[in-house]
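Here the structure comes first, spelled out in C-alpha cells, and everything after it is commentary.
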Amino acid sequence: MALICQDGAFRRELAALLRAAGLVPLIGAQAEAASRLQAKCGGLDDGPKAKAPDLVVLELSAVSGPRAAVVQQYRDRWAVPFLVLADGDDDREEIACWQAGADDYLRPPVRIKPLVARILRWLDRLSPVSELPDRRGSDDRVLAQGALNMDARCHLVTWQGRRVPLTQTEFRVLQALARRPGHVKTREQLLDVAYGDGGDVEDRSIDSHIKRLRKKIRTVDPEFAAIETLYGIGYRYAHPRQS
C-alpha cells in the first residue's frame with residue numbers, strides 16, 4: 001500500500017502500526033506522479049497494467065496544486081481503494097475529491113488507530129477467498145493451519161491432534177482468524193463473524209472470547225501462542241512457522 005503524508009510524526013506512527021499489522025507501506029512525504037509512485041511499487045513499465053499498490057492513503061496537506069486533480073490522476077491509473085485525509089472542513093473540496101474518485105474521506109482530527117482499522121477493513125474486502133494462504137483440501141469447511149485442524153461439518157477442533165471443545169461462537173472466531181494467518185482482524189470484524197447482525201454487542205466481548213479460546217487450547221498445549229494481540233487494533237493468527 002502507498003502512504004503519502006506530510007506530517008512526519010503522524011506518518012511514522014501510522015507506518016509503525018501498519019507494519020505491526022503485517023503490511024508493508026510505501027511511504028512518501030509528498031504526493032508524486034502516479035507513474036513515479038507506480039515505479040516504486042515495483043512496476044516494470046509505465047503502462048496502466050504495471051503493478052499498483054493495494055491501497056492508497058493520501059494526506060491532502062502533502063499535495064501542492066489542485067488536490068482533486070491529484071486524486072483523479074491516481075484513480076485514472078489504478079482501480080484500488082483511495083483514502084483521503086483532509087486538513088480542513090471545506091465542503092467544496094470534499095465534494096470535488098468524491099467526484100474525482102475518492103473511496104473514503106476523513107476530516108480532522110484523524111485518529112490513527114481507527115484509521116488503521118479502516119485500512120484493514122478495506123483490504124479485507126479486497127482479498128478473494130482463493131488467495132487465502134495455506135488452506136489445505138478442497139472442502140471450505142475443513143481448515144488446517146499447522147497444529148490446528150478445524151472441521152465445520154462436525155464442529156471438531158483439534159490442536160496437535162488433541163480435541164479442543166469450543167462453543168459455536170468461539171469456533172467462528174477462531175476460524176476467521178486461522179483462515180488468514182498473519183492478517184489482522186479488528187474487533188468489529190470479529191463481531192460480525194461471531195454475531196452477524198444479531199443485536200447490539202459490545203466489541204470488548206471479543207476479548208472475552210479470545211481469552212477463553214487461549215485458555216481452552218492451553219489445556220492441551222500450555223505453550224500455545226498462535227493468537228496474537230495487536231493492542232488498539234485487533235487480533236491475528238500467527239503463521240504456522242511462527243507459532
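The set of residues in segment 53-76 being surrounded by 17 or more Cβ atoms within 10 Å (Cβ to Cβ) and assigned to a loop (DSSP other than H, G, I, E, B) consists of Pro53, Asp54, Leu55, Val63. Within segment 37-75, being among the hydroxyl-bearing types (Ser, Thr, Tyr), in contact with a strand residue (DSSP E or B) (Cβ under 9 Å, 6 or more places away or on another chain) and at pLDDT below 85 holds for one residue alone: Tyr74. Summed over segment 78-92, the residues that are farther than 22 Å from Ile112 by Cβ and modelled with pLDDT of 90 or more give a count of 3. Taken together, the residues in segment 104-125 that are more than 21 Å from Val71 (Cα to Cα) and not in a helix (DSSP H, G or I) amount to 1.
Here Thr219 fulfils each of the conditions (1) more than 19 Å from the chain's Cα centre (by Cα); (2) at pLDDT 95 or above apart from (2).
Within segment 145-157, identify whether any single residue is at pLDDT 85 or above, touching a Leu at 6+ places or on another chain (Cβ under 6 Å) and in a loop (DSSP other than H, G, I, E, B), and answer yes or no. No, because not a single residue in segment 145-157 is at pLDDT 85 or above, touching a Leu at 6+ places or on another chain (Cβ under 6 Å) and in a loop (DSSP other than H, G, I, E, B).
Would you please name the residue that is farthest from Ile119 (Cα to Cα), looking only at residues in segment 93-103 that are among the small types (Gly, Ala, Ser) and not in a helix (DSSP H, G or I)?
Gly101
The values are calculated or read from the model by the stated rules, or taken from the named source; none is laboratory data. This is a predicted model, so every value here is computed, not measured. Please note: Cβ atoms are built from the backbone with ideal geometry, for glycine as well, and neighbour counts cover all protein chains shown.
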